[in-house]
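The values are calculated or read from the model by the stated rules, or taken from the named source; none is laboratory data. Quick caveat: nothing in here was measured; it's all calculated off a predicted structure. Neighbour counts are summed over all protein chains in view; Cβ atoms, including those assigned to glycine, are modelled from backbone coordinates with ideal geometry.
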């Protein structure tokens, strides 16, 4: 649904307040003169204690009570004259299933569920991009634990395979098979089959097999209105929490990535926030791996001083009329990071991969995405949130990353 009428000051309701991206957006909106409210289903979250948020509301968990969740958001929007609802994390899917419930109440910066699903599902996304004529990696839907085995004889997968759930996040269950040094033994094949059996791979819980790509991993984040990009950022994924989420972000100009994204967004007439993970080969070939149709860490690359991202999201008519796109500053020291994660996951990775000098440069030249001298409480709140997430993970037998989204993630439910 497109944001249309511009206004000097808007009342904005943000969901997904647990995420640093939601906190960043709240601060950007407040700095641009807007009033920000937050809604969350967990007891501790970053936006709960931020000075940028006028009031925080506790709502039902989308997974446990999807109808109650949407009804609570509608009630907040009605009672507080909300102009725009901006979903940040995977709760966007539950909201998009019932966009009509917000008709006449507020605008929702999200596209209908069918459009979200075809880019969130990892195999459907590749097929969608392929139909547009865009370059894509070899990708096959896997509906049974043994379905990938014939691909070992397929020349498209000669370098190796990556197996991952069609609906997943953080690469938490991704399996890698490097075939460049030889084929898998019978024991290794059976090991991976058992992994998919334990994951209950089936037509209702499908997986995806994708060719193993080599090169540099890059991420992009964009804002679009009816197929027109109003904000865009690209950043290299150097330091990660395990195999998944990036924890350090530094903007860079990558024309070939922008061109791929521009073609995809214009040909799909997409509206919303959208992010892509790419592999760029040593020869410069761009291959998309997956898509996240929501806010991601790319929001941290936009400063609050010029209000460009807030304008791109909320009042884009001026940008569109002038053919401009909001982009991050590329001056030295414009990087961002999750400091606690950089001191744990990032430092461990740097030692293991012998890249301490690069880690030191990244650490010294980047700001923490949570701490602000003028808004200090979220920094302490992140540790309350971590402790609560650890308790959930222990109780339910999840990893920390799985526990952090266990009440909001969407895996194709209708």
| query | Of the numbered conditions (1) assigned by TED's automatic domain parsing to the domain that holds residue 347; (2) within 23 Å of residue 127 (Cα to Cα), residue 247 satisfies every one except a single condition; which is it? | reply | (2)
| query | Of the residues that make up the range 18-38, is at least one touching a helix residue (DSSP H, G or I) at 6+ places or on another chain (Cβ under 9 Å), within 23 Å of residue 389 (Cβ to Cβ) and part of a loop (DSSP other than H, G, I, E, B)? | reply | yes
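Go over the candidates 402, 381, 358 one by one and state the one that is part of a helix (DSSP H, G or I), closer than 27 Å to residue 303 by Cβ and assigned by TED's automatic domain parsing to the domain that holds residue 31.
On the way: 402 fails: closer than 27 Å to residue 303 by Cβ; 358 fails: assigned by TED's automatic domain parsing to the domain that holds residue 31.
Answer to the selection: 381.
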| message | Quick check on the range 172-191: of everything there that is in contact with a helix residue (DSSP H, G or I) (Cβ under 9 Å, 6 or more places away or on another chain) and under 21 Å from residue 397 (Cα atoms), which residue is surrounded by the fewest Cβ atoms within 10 Å (Cβ to Cβ)? | response | 175
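In this structure, is residue 3 modelled with pLDDT of 95 or more, in contact with a helix residue (DSSP H, G or I) (Cβ under 9 Å, 6 or more places away or on another chain) and part of a loop (DSSP other than H, G, I, E, B)?
Details: modelled with pLDDT of 95 or more: no; in contact with a helix residue (DSSP H, G or I) (Cβ under 9 Å, 6 or more places away or on another chain): yes; part of a loop (DSSP other than H, G, I, E, B): yes.
It is false that residue 3 is modelled with pLDDT of 95 or more, in contact with a helix residue (DSSP H, G or I) (Cβ under 9 Å, 6 or more places away or on another chain) and part of a loop (DSSP other than H, G, I, E, B).
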| Members of the range 67-86 found to be touching a residue at least 40 places away in the same chain (Cβ under 8 Å) and either part of a strand (DSSP E or B) or closer than 21 Å to residue 408 by Cα (or both), listed by number | 73, 76, 77, 84, 85, 86
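Being in contact with a helix residue (DSSP H, G or I) (Cβ under 6 Å, 6 or more places away or on another chain) and assigned to a helix (DSSP H, G or I): is that true of residue 141 here?
Details: in contact with a helix residue (DSSP H, G or I) (Cβ under 6 Å, 6 or more places away or on another chain): yes; assigned to a helix (DSSP H, G or I): no.
So residue 141 does not fit the description; no.
Tell me, yes or no, whether the range 368-375 has at least one residue that is under 14 Å from residue 50 (Cα atoms), touching a residue at least 60 places away in the same chain (Cβ under 8 Å) and in contact with a strand residue (DSSP E or B) (Cβ under 7 Å, 6 or more places away or on another chain). Write out each step before concluding.
From the range 368-375, those under 14 Å from residue 50 (Cα atoms) are 369-375; that's our starting set.
With touching a residue at least 60 places away in the same chain (Cβ under 8 Å) added as a condition, the list becomes 369-370, 372, 374-375.
Among the residues that remain, those that are also in contact with a strand residue (DSSP E or B) (Cβ under 7 Å, 6 or more places away or on another chain) are: 369.
Yes: the range 368-375 contains one or more residues that are under 14 Å from residue 50 (Cα atoms), touching a residue at least 60 places away in the same chain (Cβ under 8 Å) and in contact with a strand residue (DSSP E or B) (Cβ under 7 Å, 6 or more places away or on another chain).
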| message | Can you confirm whether residue 310 is touching a residue at least 12 places away in the same chain (Cβ under 8 Å) and either assigned to a helix (DSSP H, G or I) or in the same structural domain as residue 86 (by TED's automatic domain parsing) (or both)? | response | yes
| Filter pass, residue 116 being within 23 Å of residue 408 (Cα to Cα) and assigned to a helix (DSSP H, G or I) | yes
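Rundown of residues vs (1) surrounded by fewer than 16 Cβ atoms within 10 Å (Cβ to Cβ); (2) in contact (Cβ under 8 Å) with a residue 24 or more places away in the chain; (3) in contact with a helix residue (DSSP H, G or I) (Cβ under 8 Å, 6 or more places away or on another chain); (4) in the same structural domain as residue 233 (by TED's automatic domain parsing), yes/no style:
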residue	(1), (2), (3), (4)
315	no, yes, no, yes
327	no, yes, yes, yes
336	no, yes, yes, yes
342	no, yes, yes, yes
347	no, no, yes, yes
